Amino acid sequence: MRFEAGSYAVKLSSNIVSVARGIKKLYRNAAIVDGMVDFNVSLQRSSGIRGLLKPQVQFSFNGIEPFSPLPCAQAFPLFEWGLNWCVTSHDHRYLIIHAAVVEKNGKALILPGSPGAGKSTLCAALVELGGWRLLSDELTMVNINDSYIHPNPRPISLKNQSIDLIKSYIGNDPFSSVVKDTIKGSVAHVRAPSESLKAKSELAIPSIVVYPKFQRNIENRLNELSKGESFMRLAENSFNYNVLANDGFCALGKLHDQVECFSFHYDGNLEYAIRVMDSLVE
């Protein structure tokens, strides 16, 4: 199977039913690709006695197996995780930051965050409820020449309580099946909106960087953050900052010449969070 996964052409081979189901549901709006692909990947079920007693799945890229096998039930999340690895390990045309990024009114909002900070939940809310364009939920791709954001819209990854929270707003249809007991807990993915896929060739101008922090029973507040602190935090959250060396430093500097930076603490009230983010791009 050859298809577009975000801005990349992928050839996928698999003998696992859950992978086929996940692709059919979450990539049903993706274009079919003829000819050359960017990434040739495979997800295969283990064979022999182990395959019968304790089925596992192995991800491979061009014959390379970068990860240890996982339980077969985790095959579709492994496809998404593996594709992220392919991008961050091989495409150094961009400074790639571990952050969600969305766009509205011509302005891109970058949402970095450590696990549990609520960046993917906030990203899903902005896209599904707030009318923002999805550029990526995981990989903010900054052009090293002009600092524009290159879209890579793929399914949004949600974990644990965030799954039911977003389902309460948009229902089950855009979701993959929930996969439990992964290293990240329970995981499900939300299909990227067709509007975002249609606009994936439209670059976005970085305007705002917001560091979200979700915590129950916390006072909601938005505070300005110095560009120096944001620079250091984004450098630490970049996959290839050190690989790019001076190009990475210059790209991050150009980015911070254009953006305002904030920290945002919120208690899970997504309607309030959307209003705050909207106010930043009015």
Restricted to segment 140-182 and to residues being among the β-branched types (V, I, T) and part of a loop (DSSP other than H, G, I, E, B), the residue modelled with the lowest pLDDT is I144
Of the candidates A124, A108, the one satisfying the condition of being more than 19 Å from V142 (Cβ to Cβ) and surrounded by 24 or more Cβ atoms within 10 Å (Cβ to Cβ) is A124
Query raised in the report: Yes or no: L158 in contact (Cβ under 8 Å) with a residue 12 or more places away in the chain, more than 25 Å from S18 (Cβ to Cβ) and among the hydrophobic types (A, V, I, L, M, F, W, C)?
Result: no
Among A273, A204, the single one that is in contact with a helix residue (DSSP H, G or I) (Cβ under 9 Å, 6 or more places away or on another chain), small (G, A, S) and touching a residue at least 60 places away in the same chain (Cβ under 8 Å) is A273
Among residues of segment 237-262 being among the aliphatic types (A, V, I, L, M) and surrounded by fewer than 17 Cβ atoms within 10 Å (Cβ to Cβ), the residue nearest to the chain's Cα centre (by Cα) is V243
Scanning segment 99-144 for residues that are without any contact (Cβ under 8 Å) to a residue 40 or more places away in the chain and of a type in the set (S, T, N, Q) gives S114
Those residues of segment 1-44 which are assigned to a helix (DSSP H, G or I) and of a type outside the set (V, I, T) amount to S18, A20, R21, G22, K24, K25, L26
Only one of A100, A125 is assigned to a strand (DSSP E or B), at pLDDT 95 or above and among the small types (G, A, S), namely A100
Counting only helices (runs of 4 or more DSSP H) wholly inside segment 187-267, the ones holding at least 1 residues that are farther than 23 Å from G130 by Cβ and hydrophobic (A, V, I, L, M, F, W, C) are 227-236, 241-244, 246-258
For this session: Confirm whether F76 is touching a Gly at 6+ places or on another chain (Cβ under 8 Å), surrounded by fewer than 24 Cβ atoms within 10 Å (Cβ to Cβ) and not β-branched (V, I, T).
Result: no
If we keep only residues of segment 58-97 that are more than 27 Å from L234 (Cβ to Cβ) and among the polar types (S, T, N, Q), then the residue nearest to the chain's Cα centre (by Cα) is Q74
Q | R216 being basic (K, R) and in contact with a Gly (Cβ under 8 Å, 6 or more places away or on another chain) | A | yes
Note on segment 190-219: residues within 24 Å of F175 (Cβ to Cβ), polar (S, T, N, Q) and surrounded by 13 or more Cβ atoms within 10 Å (Cβ to Cβ) are S196
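The values are calculated or read from the model by the stated rules, or taken from the named source; none is laboratory data. Worth saying up front: this structure is predicted, and the values here are computed from it rather than measured. Backbone-built Cβ (ideal geometry, glycine too); neighbour counts: all protein chains shown.
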